[in-house]
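Everything on this sheet refers to the single structure shown next.
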Amino acid sequence: MSYKFFVLEKDNNIYRLIINAPKSLNSLSTELLNDFEKIIDEISKENVKVLIITGIEKSFVAGADIAEMKEMNYQQALDYAKLGHRVFSKIEQAPFITIAAINGYALGGGLELALACDIRIASKRAKLGQPEVSLGIIPGFGATQRLSRLIGVSLAKYVIFSGDTLKAEEAEKMGIVVKVTEPEELIDEAKKIALNIISKSFNAVIIAKKAIEQGIEMPKYEALKTEEILFASCFTHNDQKNGMSAFIERKKPNFE
Ligand code: DAK
């Protein structure tokens, strides 16, 4: 299937989704977000294990679409925020691992998209930030919640209140991205991370994702109870027997 704003490349169970709306530096119009949701819905039914999300040229995503937002009233802004939240929550809860390979500008909604992914890496050319307060608004696609959970309230307040643009290395120091690469090595690095993940028990990786995502929303001792149940559930899957037998027999595990 072909999409107006996206190119989807499939390499066995590692997919790469390239956001391709160059006229507005990949800004997140309603039309683009609707397409994004359809793609996530479709590929969630396929045998994808890792989805790498990246942009084009100098932009990952330059934010929500300012031209579209400019004339919005309260109700339209609410609907727009709900659409963004729905799409990004689907990405966050996807039954596969998502890697944001941030090639350039990741501003406003662009950084919020990356925050909804499981792992973020960035090119040395990337520029990240939440500039919404310069436009008279606050982040509306999740940053007030996801950024503060990721890097702590103090740093998140600094990033959001200042509206400053961060270099990739600064974002790495704050813990927003886990790795910074040369621009031409970004996708290879993302694939390397993806290959490493899929060499492990995918059942275990997805259960770990579930434990982290569900647990972060709960009080600690409730979350630890959830971990107990999810941990025990690993013992109902062949990967646990395979992984542990392989360790004892000093062989390579043969995961399902
Ligand atoms: N929206 C719409 N168009 C954009 C855009 C954006 N976010 N970013 C860039 N463009 C368009 C430019 O208008 C220009 O279009 P033309 O003039 O060629 O028609 C084209 O892309 C190229 O941009 P520039 O000429 O500006 O390119 P430069 O290399 O000079 O600068 C830049 C690149 C990324 C530094 C600059 O374009 C820029 O500052 N862009 C805006 C970045 C930004 O402020 N992003 C945050 C957007 S606010 C909410 C929901 C969501 C949100 C908030 C609330 N609710 C519903 C409550 C989220 C908000 C945001 O994300």
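The values are calculated or read from the model by the stated rules, or taken from the named source; none is laboratory data. As the structure is a prediction and not an experimental result, all values here were calculated from the model. For neighbour counting, all protein chains shown are included, and Cβ atoms are generated from backbone atoms with ideal geometry for every residue, glycine included. Heads up: the accessible areas ignore ligands, DNA and RNA and are worked out on the full protein's heavy atoms, side chains in. Shrake-Rupley method; radii C 1.70, N 1.55, O 1.52, S 1.80 Å.
Placing unit charges on the Cβ atoms of the charged side chains and taking the dipole of the chain about its Cα centre, the candidate lying farthest along the positive direction among 105, 34, 22 is 105.
Set the Förster radius R0 to 22 Å, insert the Cβ-Cβ distance between residue 232 and residue 254 as r into 1/(1 + (r/R0)^6), and round the FRET efficiency to 0.05. Efficiency computed from Cβ-Cβ geometry: 0.45. Once the convex hull of all Cα atoms in region 117-256 is built, its volume per residue stands at 143 Å³.
In region 18-122, Cα pairs under 8 Å separated by at least six residues give a relative contact order of 36 percent. Shown for region 85-190 is the translational diffusion coefficient from the Stokes-Einstein equation, using the Kirkwood radius over Cα pairs, a temperature of 4 °C and a viscosity of 1.567 mPa s: 95 µm²/s. Extending 7 Å from the Cα toward the beta-carbon at both residue 67 and residue 135 defines two label points whose distance is 1.3 nm. Each of 198, 231, 219 was placed along the dipole of region 192-256 (beta-carbon charges, centred on the mean Cα), and the one lying farthest toward the positive end is 198. Extension gain for residue 161 to residue 179 (0.36 nm times residue separation, less C-alpha to C-alpha distance): 4.0 nm.
Need one word for region 35-147: rounded, prolate or oblate. Basis is the Cα gyration tensor (sqrt eigenvalues a ≥ b ≥ c); a/c below 1.5 gives rounded, then a/b vs b/c decides. In terms of gyration-tensor shape, oblate. Counting pairs of alpha carbon atoms under 8 Å apart in space and at least six apart in sequence, what relative contact order in percent does the chain give? It rounds to 14 percent for the chain. In the chain, helical runs assigned H by DSSP with n ≥ 4 each contribute -39500 (n - 2.57); averaged across all residues and rounded to the nearest 500, the mean residue ellipticity at 222 nm is -14500 deg cm²/dmol. Summing Cβ point charges (Lys, Arg +1; Asp, Glu -1) relative to the Cα centre of the chain gives a dipole of roughly 540 debye. Straight Cα distances below 15 angstrom link residue 127 to the aspartates and glutamates 57, 112, 164, 169, 170, 172, 182, with same-chain residues fewer than 8 positions distant left out.
Residues in region 1-107 average 48 Å² of solvent-accessible surface per residue, probe 1.4 Å, ligands and nucleic acids excluded. Surface composition of region 113-256: carbon plus sulfur atoms hold 58% of the accessible area, using a 1.4 angstrom probe and ignoring ligands, DNA and RNA. The string of couplings for region 146-158 from the Karplus curve (6.51, -1.76, 1.60, θ = phi - 60°) is 6, 5, 5, 5, 6, 10, x, 5, 5, 5, 5, 5, 4 Hz, one whole number per residue in order, with x for Gly and Pro. Of all lysines in the structure, the ones whose alpha carbon falls short of 26 Å from that of residue 45, not counting any fewer than 8 places away in one chain, are 4, 10, 82, 90, 191, 192, 200, 209, 210.
Per residue, region 124-256 exposes 65 Å² of accessible surface when a 1.4 Å probe is rolled over the protein heavy atoms with every protein chain present. Rounded to the nearest 10 degrees, the angle from helix 74-92 to the longest Cα principal axis of the chain is 20 degrees. Can you give the angle from 0 to 90° between the axis of helix 238-248 and the longest principal axis of the chain, with both taken from C-alpha atoms, to the nearest 10? Orientation of helix 238-248: about 60 degrees from the principal axis. For the residues 16, 120, a 1.4 Å probe over the protein chains yields an accessible-area ranking, largest first, of 16, 120. Cα centroid separation, region 59-105 to region 211-256: 32 Å.
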